[in-house]
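Below: the structure, in structure tokens.
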Amino acid sequence: MDTTENDSLARRMQKNGEHPVLCMRREEGDAVFCYLVAVSDASPERYSVYAEYKDAKRHTLGEIPHFSSDRDTAESFCSMLERFGITPLSLEAVYEDMYTP
């Protein structure tokens, strides 16, 4: 996880050879959460999930690269993240809790 101000969702997707297919934004006071699903530009299509948090003092990003080859699965997971306001710092833990036995 990179917490530098120079990192952004767009840079991460570009670095990973992806483009967005779903973006959800949630605002709570001065805090902004962004949840995104991106698909690989190369075949076979793989969907990654990203989360970003920004406020006046902090900026954090998290990602689960190559999350799924199924768009509906990736979008459902991303929707759940937005619904519960999951932070990028919790992203990997939520993924592990949901998808590992």
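The values are calculated or read from the model by the stated rules, or taken from the named source; none is laboratory data. Predicted, not measured: the structure shown is a model, and the values here were computed from it. Cβ placement follows ideal geometry from the backbone for every residue including glycine, while neighbour counts extend to all protein chains displayed. What goes into the accessible areas is simple: the full protein's heavy atoms, side chains included, and nothing from ligands, DNA or RNA. Shrake-Rupley method; radii C 1.70, N 1.55, O 1.52, S 1.80 Å.
Per-structure values
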| read-out | value |
| --- | --- |
| Segment 1-76: trypsin sites (Lys or Arg not before Pro) in DSSP loop, at most 13 other beta carbons within 10 Å | LYS57, ARG58 |
| Potential lengthening between ASP72 and GLU27 on full extension [0.36 nm per residue; Cα-Cα distance subtracted] | 13.8 nm |
| Accessible-area composition of the chain, carbon plus sulfur, in percent [1.4 Å probe] | 48 percent |
| Label corresponding to Rg/Rh (Cα atoms, Kirkwood Rh) when calculated from the structure given, among (1) 0.95; (2) 1.10; (3) 1.07 | (1) |
| Chain lengthening between LYS15 and SER43 when straightened (0.36 nm per residue, less Cα-Cα) | 8.5 nm |
| Cα centre as origin, Lys/Arg/Asp/Glu Cβ charges: the chain dipole, Debye | 160 debye |
| Exposure of CYS78 as accessible area (Å², to 10), given a probe of 1.4 Å and all protein chains | 0 Å² |
| HIS66, HIS59, HIS19, reordered so the largest accessible area comes first (probe 1.4 Å) | HIS66, HIS19, HIS59 |
| Residues of the chain: accessible area per residue with a 1.4 Å probe, Å² | 59 Å² |
